[in-house]
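See structure below.
The values are calculated or read from the model by the stated rules, or taken from the named source; none is laboratory data. Just so we're clear, the structure is a prediction, and the values are computed from it rather than from any experiment. When we count neighbours, we look across all protein chains shown, and the Cβ atoms used for this are built from the backbone with ideal geometry, even at glycine. Surface areas here come from the heavy atoms of the whole protein model, side chains and all, with no ligands, DNA or RNA. Shrake-Rupley method; radii C 1.70, N 1.55, O 1.52, S 1.80 Å.
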Protein chains: 2
Amino acid sequence: VESQRPEDQDRAEDLLDAILPKSGGAHRIGISGAPGVGKSTFIESFGLHLLTEGKSVAVLAVDPSSGVSGGSILGDKARMHRLAQRPGAFIRPSPSAQTLGGVARRTREAMLLCEAAGYDVVVIETVGVGQSEARVAGMVDFFLVLLHPGGGDELQGVKRGILEFADVIAVNKADGDTLAQARITQAEYSSALRHLARGAGVWVPRVVLTSARSGEGIAELWALIVEHRSQALASGAHAERRRAQNRHWLWSLLEDSLLETFRAHPSVRDRMEEVERLVEAGQLAPGRGARDLLGRFGGAGRLRE
Amino acid sequence: VESQRPEDQDRAEDLLDAILPKSGGAHRIGISGAPGVGKSTFIESFGLHLLTEGKSVAVLAVDPSSGVSGGSILGDKARMHRLAQRPGAFIRPSPSAQTLGGVARRTREAMLLCEAAGYDVVVIETVGVGQSEARVAGMVDFFLVLLHPGGGDELQGVKRGILEFADVIAVNKADGDTLAQARITQAEYSSALRHLARGAGVWVPRVVLTSARSGEGIAELWALIVEHRSQALASGAHAERRRAQNRHWLWSLLEDSLLETFRAHPSVRDRMEEVERLVEAGQLAPGRGARDLLGRFGGAGRLRE
C-alpha cells in the first residue's frame with residue numbers, strides 16, 4: 001500500500017476494495033503533542049493499558065519530518081520497545097514520503113488494513129506542529145492533545161489551531177516536581193475550553209492529568225474515551241463522523257491528485273517558481289499569474305465560475 | 001470586476017494589472033462577528049471615527065448568505081446610512097455569488113480597486129459563522145473579532161476557529177445594562193487568549209471593550225490597530241504578511257479553478273453524487289471513487305505522487 005510503483009498501486013486498490021467490508025470496526029484515536037511532551041512514553045503506557053483491557057492496538061505515526069530524516073524505522077520501534085515486543089500490539093513507523101498529502105493518504109489506508117486485520121484500537125500519532133493535525137482529526141473518532149505542565153508560553157511549540165480539534169486535552173508529566181504546575185495548567189485550559197464551546201448537544205472537551213511515567217490517569221483517560229464513544233454511538237454523532245471521514249477522504253484524494261497533477265505538469269513546473277516570486281513581490285497580479293499557469297496546464301483552467 | 005461575462009473578465013484582468021502598482025497602500029482590516037453582535041452599528045461608528053482622523057474608508061462585505069437572499073444592495077447601505085452618506089466613505093454590498101471561492105476572489109479584487117482609488121482603510125466584513133473567515137484572514141493586515149457580552153454559551157454562534165485569527169477581540173455593547181457582563185467577558189477571553197499564544201516575538205492578541213452605540217472605546221481600538229501596524233512594519237511582519245497574502249491568493253485561485261473545472265466537467269458531474277453517496281456509506285473505497293472520477297476528468301489524475 002505504501003509503494004509508489006504503479007503495478008503495486010493497482011494491487012493495493014484491489015486489496016483495499018477487498019478489505020473494505022471488514023474495515024471500520026476499530027476505535028480510531030488521534031494523539032497529537034509537540035516534541036518533548038513525552039508522547040512516545042505516553043503512547044507506550046496507553047497501549048500497554050489497552051492490552052490489559054484485552055484490546056489489541058496498532059500505532060501509526062504521521063510525521064512528515066521523520067520521513068525527511070529517514071531514520072524512523074528503527075527509531076519508532078526503539079522508542080516504544082516495551083509495547084513493540086508485546087503480542088496484540090503493532091507499531092508502524094512513519095513512512096517516508098515527499099508530501100503531507102501522501103503521508104495522510106497512506107495513513108488512512110494503513111488504518112483500514114489494521115482494522116481489517118482485527119486491531120481493536122488504532123492510534124494515529126502526529127507531532128502537533130504542522131498541517132497534519134487537520135488531516136488526522138478528519139480521519140479519527142477521537143482526538144487527544146497532549147500538553148506540558150506550564151503556562152501559555154509553553155504552548156508556543158503547539159500550533160494554535162490544534163486545540164480546536166481536541167476531544168480531550170491531557171496535561172502529561174503530572175507527577176513529581178511538575179504535578180502542581182500540571183494542576184494549574186489543567187485549571188487554565190478547562191477555563192479556556194469553556195470559551196471555545198462547540199455546537200449545542202455535543203461532547204464538551206475535558207482536560208485531564210496523566211503521568212506516562214507512573215501510569216497515573218491513563219485508565220481514567222481510557223474510561224473517558226469509552227464514554228465519548230458510547231455517547232457518540234447513542235446520539236448518531238459517531239455514524240455522522242464516519243460518513244464525514246469518508247467524504248473528507250474522497251475530497252482530499254481528489255484535491256491532492258488535481259494539485260499534484262497540476263504541479264507535476266512540465267510546463268507548469270518550469271514557470272511556477274518565477275510566477276510565485278513575482279506574485280509575492282507584488283509585481284504580477286495573482287489572477288494573471290494563475291491564468292498563465294492554468295493556460296500551460298492545457299486550457300483546463302476557466303478561472304472564474 | 002464582479003461580472004462573470006468572459007469579455008468583462010478579460011477587461012478586468014487588464015484593469016487589475018494596470019492598477020497593481022497603485023494598490024497595496026491601504027490598511028486592510030477584517031472585521032468578523034456573528035449576527036446580532038451589532039456589527040453594522042460598530043462598523044458605522046468605526047468608519048465615522050476614521051473620517052474624523054482624516055482617513056477615507058471603504059467597507060466591503062463578504063457574506064455568501066446575503067447573496068442567496070439577494071436583497072443586500074439596499075440592505076447594506078440602509079444599515080450604515082450615516083456612514084454611506086459621507087464623502088470619504090464607500091460601502092460595497094455583498095456581491096451575489098454562488099461560491100465562497102467566488103466571493104473571496106471578487107472581494108480581493110474589489111479591495112485592490114479601493115486601494116488604487118486611494119482609500120486609506122479598507123474594511124472587509126464577514127459574518128463569522130462560515131468558512132469565509134480563513135479566507136478573509138488571509139487577505140488582511142489586521143483581523144478584529146466582535147463578541148457579545150456574555151459567557152461561553154453565547155459563543156456558540158461563533159465558529160470555534162475564528163478566535164485563532166483574532167489580532168484583537170472587541171466585546172461590543174459594553175454599555176448600560178450589559179457593561180458589567182462585558183467586563184467579565186473581557187477578563188475571561190483575556191485569560192483564554194493567553195493560552196492560545198502564537199509564535200514568539202509576535203503581536204499578542206488583546207481584548208477590548210467597545211460600545212458602538214455611544215462610541216466609547218472606538219478611538220482606543222483604532223489606536224491599538226495603529227500600534228499593531230507600527231510594530232508589524234518595524235519587525236518586518238507586515239511585509240511578510242503581504243507576501244503571504246499574495247502567495248495565498250495565487251494558490252486559492254489555482255485550487256478553486258482546478259476544483260471548479262473538475263466539478264463542472266460533464267462526465268464528472270454525472271457521476272459525482274453517486275460516488276459521494278457510496279463512499280459516505282462505506283460501500284465504495286474512497287481511493288476507487290476518486291480514481292473513477294479522475295479517470296472521467298480525462299486521465300489527468302495520477303492518484304498517487
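Here are a few things to note about the model shown:
- Residue match in the range B:216-224 (condition: small (Gly, Ala, Ser), closer than 30 Å to residue A:266 by Cα and at pLDDT 90 or above): no
- Qualifying residue in the range B:38-55 (condition: at pLDDT 90 or above and at positive phi): yes
- Subset tally (residues that are in contact with a Lys or Arg (Cβ under 8 Å, 6 or more places away or on another chain) and part of a helix (DSSP H, G or I)) for the range B:257-269: 8
- Residue under evaluation residue A:298, criteria (1) at pLDDT below 90; (2) more than 8 Å from chain B (Cβ to nearest Cβ); (3) within 22 Å of the chain's Cα centre (by Cα), criterion not met: (3)
- Being under 15 Å from residue B:24 (Cα atoms) and more than 9 Å from chain A (Cβ to nearest Cβ) is a description that applies to residue B:239.
- Hits in the range A:242-266 - residues which are without any contact (Cβ under 8 Å) to a residue 12 or more places away in the chain and of a type in the set (Gly, Ala, Ser): A:257, A:264
- Flag set for residue B:293, criterion: facing chain A (nearest Cβ under 8 Å), touching a residue at least 24 places away in the same chain (Cβ under 8 Å) and not polar (S, T, N, Q).
- The one condition in (1) more than 27 Å from residue A:278 (Cα to Cα); (2) aliphatic (A, V, I, L, M); (3) not in a helix (DSSP H, G or I) that residue B:202 fails to fulfil: (1)
Residue-wise test of (1) in a helix (DSSP H, G or I); (2) more than 10 Å from every other protein chain (Cβ to nearest Cβ).
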{"site": "B:186", "(1), (2)": "yes, yes"}
{"site": "B:189", "(1), (2)": "yes, no"}
{"site": "B:213", "(1), (2)": "no, yes"}
{"site": "B:220", "(1), (2)": "yes, yes"}
{"site": "B:233", "(1), (2)": "yes, yes"}
{"site": "B:273", "(1), (2)": "yes, yes"}
{"site": "B:287", "(1), (2)": "yes, no"}
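- Which numbered condition residue B:215 fails, given (1) touching a residue at least 40 places away in the same chain (Cβ under 8 Å); (2) under 19 Å from the mean Cα position of the chain (by Cα): (2)
Conditions tested, residue by residue: (1) among the aliphatic types (A, V, I, L, M); (2) closer than 26 Å to residue B:250 by Cα.
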residue: A:164; (1), (2): no, no
residue: A:192; (1), (2): yes, no
residue: A:223; (1), (2): yes, no
residue: A:267; (1), (2): no, yes
residue: A:271; (1), (2): no, yes
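- Selection from the range A:4-37 of residues that are modelled with pLDDT of 85 or more and touching a strand residue (DSSP E or B) at 6+ places or on another chain (Cβ under 7 Å): A:26, A:27, A:28, A:29, A:30, A:31, A:32
- Within the range A:1-25, being in a loop (DSSP other than H, G, I, E, B) and open to solvent by less than 50 Å² (accessible area, probe 1.4 Å) holds for A:1, A:3, A:23, A:24.
- Residues in the range A:26-51 that are assigned to a helix (DSSP H, G or I) and open to solvent by less than 10 Å² (accessible area, probe 1.4 Å): A:42, A:43, A:46, A:47, A:50.
- Selection status of residue A:245, open to solvent by 70 Å² or more (accessible area, probe 1.4 Å) and more than 7 Å from chain B (Cβ to nearest Cβ): no
- When residue A:73 is tested against (1) more than 12 Å from every other protein chain (Cβ to nearest Cβ); (2) modelled with pLDDT of 85 or more, just one condition goes unmet, and that condition is (2).
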